[in-house]
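Visitor: Have a look at the structure that comes next, please.
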Amino acid sequence: MHHSIDEIEDRLDRATNLLRQAKNVAVLTGAGISAESGVPTFRGGGGLWEGHPIEEVATPEGFARNPALVWRFYNMRREALRQVLPNPGHLALVALEQRLRDRFTLITQNVDGLHAIAGNQRLLEIHGRLSRVRCTSCEFSRDCPGESLPALPKCPDCGDLLRPDVVWFHEMLPQDIWRKAELAVTRCDCFLVVGTSAVVYPAAGLVQTARQHGASVIEFNLEQTPASALAHVSLFGPSGKTLPEVMQRLRT
Ligand code: BJW
Ligand code: ZN
């Protein structure tokens, strides 16, 4: 995507104006917003982890087949998270929440916890959180960030196998959180779609929902996605640059 300086400026101005006019704002983020923090995206790198398609390690079927393999994948990612910090894209969304307060909702597909670490409070983590574990048999659940877990961690209450508290393919999203996300999207007049390939449902369907309820849609991504066709303005570039640029304009 190559645009002239004038075209880029014009898009930034249009995005800022849509945001300025909005009473309620909802934001959907994906792995791309954390890319500049050093967290790998899913569909980058061919969507493979050590040669395994992501469906093999991020499904209940994959976990049932080979829990040790799946835990190796998640323990590796838990370790990697210790090194990472929020980037200017995350911080721009904290500034936006501070400006709008209860007129702002951040919906994230990310499990890295970086929005919470950055300081967003009106946050809906619809795919769960990597730092949390829960029992495959009982109600036990615990947030244990930065803790090294055994190769096959067991429940302290019942002794059965623990699993990462994330939403795998073929699983339902946490219903209360999902309902809140849908409600925020139907109520917003401006919807930001940041760093997501917009192919994983039901999250990707929120872009359509926003449009159907009359919101303006602004996309932040490196490249075009299925959401581009629904966006009023697409800002192509790293969100660690484009989000702060829009926030900067909003202040003047
Ligand atoms: C940058 C950047 C920078 C890079 N700046 N941008 C309807 C239609 C079709 C299929 C389905 C459907 N409904 C359900 C399905 C099946 C399935 C699905 O959607 N499959 C599709 C792939 C086709 N969905 C489900 O299974 C969902 N559950 C469900 O529907 O339940 C009902 C049911 C019940 C029982 C039986 C059957 C159905 C659950 C989906 C859960 C997704 N979980 C994962 C894993 C989480 C745990 C973990 O992390 O391990 O969530 S999958 C993975 O994808 C992860 C992500 O949250 C999610 C989205 O990915 P994301 O964030 O968009 O990342 P990428 O890598 O794809 O994109 C990064 C983007 O950033 C790119 O565009 C880059 O260009 C950009 N970028 N750097 C700005 N600096
Ligand atoms: Zn248990």
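Visitor: Need one number: nm distance between label points at D6 and L149, each 7 Å from Cα along Cα→Cβ, rounded to one decimal.
Guide: Roughly 5.5 nm, to one decimal.
Visitor: What angle do you read, to the nearest 10 degrees and between 0 and 90, between the alpha-carbon axis of helix 67-81 and the longest principal axis of the chain?
Guide: 50
Visitor: Continuing with this model, one more query. Considering Cα pairs under 8 angstrom that are at least six residues apart, work out the relative contact order of the chain and quote it in whole percent.
Guide: 25
Visitor: Go through 127-133, 35-41 and give me the packing order, highest mean Cβ count within 10 Å leading. Show your work: numbers first, answer last.
Guide: Numbers: 127-133: 19.6, 35-41: 16.9.
My ranking of the peptides, most packed first, is 127-133, 35-41.
Visitor: Please report the antiparallel percentage of the DSSP beta bridges confined to region 119-252, to the nearest 5. Provide the component values of the computation, followed by the final result.
Guide: Working: 8 of 17 bridges.
Of the beta bridges lying entirely in region 119-252, close to 45 percent run antiparallel.
Visitor: Rg and Dmax of the chain, using alpha carbons, in Å: what are they?
Guide: Looking at the chain, its Cα Rg and Dmax stand at 18.6, 62 Å.
Visitor: Report the label-to-label distance for R14 and F169 in nanometres (one decimal), using points 7 Å from each Cα along the Cα→Cβ vector.
Guide: The answer from the label model is 3.5 nm.
Visitor: Also, I was wondering about something else. Between D102 and A64, what is the spin-label point distance in nm, taking each point 7 Å from the Cα along the Cα→C-beta axis?
Guide: Modelled inter-label distance: 4.4 nm.
Visitor: Tell me, in nm to one decimal, what length is gained between Q83 and I117 on full extension, where the rule is 0.36 nm per residue of separation less the Cα-Cα distance? Kindly include the intermediate steps, with their values, before the conclusion.
Guide: Details: separation 34, 0.36 × 34 = 12.24 nm, distance 1.29 nm.
Length gained, Q83 through I117: 11.0 nm.
Visitor: Can I ask one more? Out of I177, I218, I107, any idea which swings most in a Gaussian network model of the chain, alpha carbons joined below 10 Å?
Guide: Per the Cα network of the chain with a 10 Å cutoff, I177 tops the list.
Visitor: Between beta-carbons, use under 13 Å as the cut-off and find the net charge around V70, counting Lys and Arg +1, Asp and Glu -1. List each step's numbers first, then the result.
Guide: Details: positive: R65, R72, R77, R78, R163; negative: E50, E55, E56, E61.
Summing Lys and Arg as +1 and Asp and Glu as -1 gives +1.
No value in this document is a laboratory result; all are computed from the given coordinates. Given the structure is predicted, the values throughout are model-derived calculations rather than measurements. Every residue, glycine as well, gets a Cβ built from its backbone with ideal geometry; the counts of neighbours run over all protein chains shown.
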